[in-house]
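These notes concern the structure reproduced below.
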Amino acid sequence: MKFATELLYSRVCDNVTGSTTLPIYQTAAYSQATAEDMEKIFAGRKAGFAYTRISNPTTAIFERRLADLERGAGAVAFSSGMAAISAAILNIVESGDEIISSGGLFGGTSDFFRELKSFGVKVRYVKENRVEKFAELITDKTKLIYVETIGNPKLDVTDICALAELAHENNLPLIVDSTVTTPYLVQPLDFGADVVIHSTSKMINGGGNSIGGVVIVGKKFRWNSKKFSKLEEFKHLGTMSYLARLRAKMLTDFGGCPSPLNIFLTNVGLDTLALRMERACDNALALAKYLESKKAEVNYPGLKNNIYHDLAETQFKNRFGTMLTLKFGTKERAFRFINSLSYTLKASNIGDVRTLTIHPASTIYKNAPEGEKLCAGVTDDLIRINVGIEDISDLIGDFEGALQKI
Ligand SMILES: *Cc1c(COP(=O)(O)O)cnc(C)c1O
């Protein structure tokens, strides 16, 4: 079965009633027949639901769907992408640990990484997204390697296969934020990654109507080594120990559970992911080529002269994502360009069906120190564009008009 078909027919039905759409269990608690049943459910000795902060039937079906799409052993959904990212990291890091991360990170993630300093965890950034550069930073304190598939908004592309190999040679897990690519472009677990994260607020939802996140865990990594002492309690579960702790501790104790209604809305969006991605990626490539032909300073992995083009072409099956950036020389010119767009939206989001433009330096990266901003490719003259599914002639028309005004 190919991707779009699998997407539509994988576990979306309710087995009890045959409902073709996901039922919404908008409940906090679940009553049990006996005290013994309640005891067993809390101990994990009987299948069932206790409380929606721990698990919920609507959310469980969505989690299974994402786990299957990503070829994972299982998944845990969270209230936001940031809740998913912080849980995936805090599940294993301890004071004294180091994280090696690609530099081209979403601003919220680098804000969170800065926060980790107060927990005694240090993040070392790789300026250039090349495997040798990651290798140089590995020490005996390194706990994990963290990357984005396509950096938002740096647009650096990670060679997932090569980096997974390096990570595993050093007994390190590779954690990948695949929000920008979605399972439509790549299934990072198939390339050797161990944990995949999505902010489902973006392309998975597609309509920009709910915030959400999900962590999908692979089947292979040996979490039960001494290095991962936080997983000690779950060691008997072997390769499943990370996933078990993620739900039992990160979701249940920190409490960042999603609302069943948001899961429902996101799940409706997911049905059309393949169609939207196909259209938006094609639009992004066409817009990037148009902007390049007008001698604009455009960055997009789909352009032939881009240093990541060949890697992106093979890794992402000849599509290159929906994000591109433009540079204008100064902040003033960048602002003027944004203000000259007539109907595409000025908004802080990506993966919407509508085209969205933002000036990252003054918004998402307003808290980032200069060094981190540079590392993330965020300069004062840069704007980020997330292309939607409009008719391409209209989209080019809007950008053509704005180019003429700067
Ligand atoms: C938006 C985003 C996040 C954070 O997700 P939220 O749902 O906004 O918390 C994480 N990573 C990337 C790449 C993103 O674009």
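The values are calculated or read from the model by the stated rules, or taken from the named source; none is laboratory data. What you see is a predicted model; the values in this text were computed from it and never measured. We place every Cβ from the backbone using ideal geometry, glycine too, and count neighbours over all the protein chains shown.
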Log entry, pairs with first residue in the stretch 29-40 being within 14 Å of Tyr51 (Cα to Cα), second being outside any loop (DSSP other than H, G, I, E, B), beta carbons closer than 6 Å, six or more apart or on different chains, reads Ala29/Tyr51; Gln32/Met38
Scan the stretch 191-218 and report the pairs whose first residue is modelled with pLDDT under 95 and whose second residue is more than 8 Å from the ligand (Cβ to nearest atom) and among the acidic types (Asp, Glu), with Cβ atoms within less than 6 Å and a gap of 6+ or a chain change.
Gly208/Asp352
Number of the condition not met by Ser19 [criteria: (1) over 17 Å from Phe264 (Cβ atoms); (2) free of Cβ contacts under 8 Å to residues at least 24 places away in the same chain]:
(1)
Within the stretch 1-42, the count of residues that are part of a loop (DSSP other than H, G, I, E, B), surrounded by 12 or more Cβ atoms within 10 Å (Cβ to Cβ) and touching a Ser or Thr at 6+ places or on another chain (Cβ under 9 Å) comes to 10
Within the stretch 115-136, can you find the residues that are assigned to a helix (DSSP H, G or I), out of contact with any strand residue (DSSP E or B) (no Cβ under 7 Å at 6 or more places or on another chain), away from the ligand (no atom under 16 Å from the Cβ) and not hydrophobic (A, V, I, L, M, F, W, C)?
Lys117, Ser118, Glu132, Glu136
Taking the conditions exactly as written (of a type outside the set (Gly, Ala, Ser) and in a helix (DSSP H, G or I)), does Leu66 satisfy them or not?
yes
Is there any pair linking a residue in the stretch 42-55 that is within 13 Å of Ser31 (Cα to Cα) to one that is in a helix (DSSP H, G or I), with Cβ under 6 Å and at least six apart or on different chains, and which?
Gly48/Ile41; Ala50/Ile41; Ala50/Phe42
Which one is nearest to the ligand (Cβ to nearest atom), of the residues in the stretch 319-344 that are over 22 Å from Leu270 (Cβ atoms) and among the hydrophobic types (A, V, I, L, M, F, W, C)?
Leu324
Is it true that some residue in the stretch 43-52 is assigned to a helix (DSSP H, G or I), more than 16 Å from the ligand (Cβ to nearest atom) and modelled with pLDDT under 95?
yes
Residues being away from the ligand (no atom under 16 Å from the Cβ) and either under 26 Å from Thr314 (Cα atoms) or of a type in the set (Lys, Arg) (or both) - total across the stretch 182-235:
16
Within the stretch 355-383, which residues are closer than 17 Å to Lys127 by Cα, among the charged types (D, E, K, R) and touching a residue at least 24 places away in the same chain (Cβ under 8 Å)?
Glu372
Of the residues that sit in the stretch 184-211 and are under 10 Å from the mean Cα position of the chain (by Cα) and not aliphatic (A, V, I, L, M), which one is surrounded by the most Cβ atoms within 10 Å (Cβ to Cβ)?
Thr200
Could you tell me whether Phe112 is of a type in the set (Phe, Trp, Tyr), over 21 Å from His198 (Cβ atoms) and either without any contact (Cβ under 8 Å) to a residue 60 or more places away in the chain or more than 16 Å from the ligand (Cβ to nearest atom) (or both)?
no
For the stretch 282-301, how many residues are assigned to a helix (DSSP H, G or I) and either under 26 Å from the mean Cα position of the chain (by Cα) or without any contact (Cβ under 8 Å) to a residue 40 or more places away in the chain (or both)?
10
Please go through the stretch 267-281 and pick out each residue that is of a type in the set (A, V, I, L, M, F, W, C) and more than 18 Å from the chain's Cα centre (by Cα).
Val268, Leu275
Please go through the stretch 81-109 and pick out each residue that is of a type in the set (Ser, Thr, Tyr) and either out of contact with any helix residue (DSSP H, G or I) (no Cβ under 8 Å at 6 or more places or on another chain) or more than 8 Å from the ligand (Cβ to nearest atom) (or both).
Ser86, Ser95, Ser101, Ser102
Mind checking which residues of the stretch 302-351 are more than 26 Å from Ile204 (Cβ to Cβ), of a type in the set (S, T, N, Q) and in a helix (DSSP H, G or I)?
Asn339, Ser340
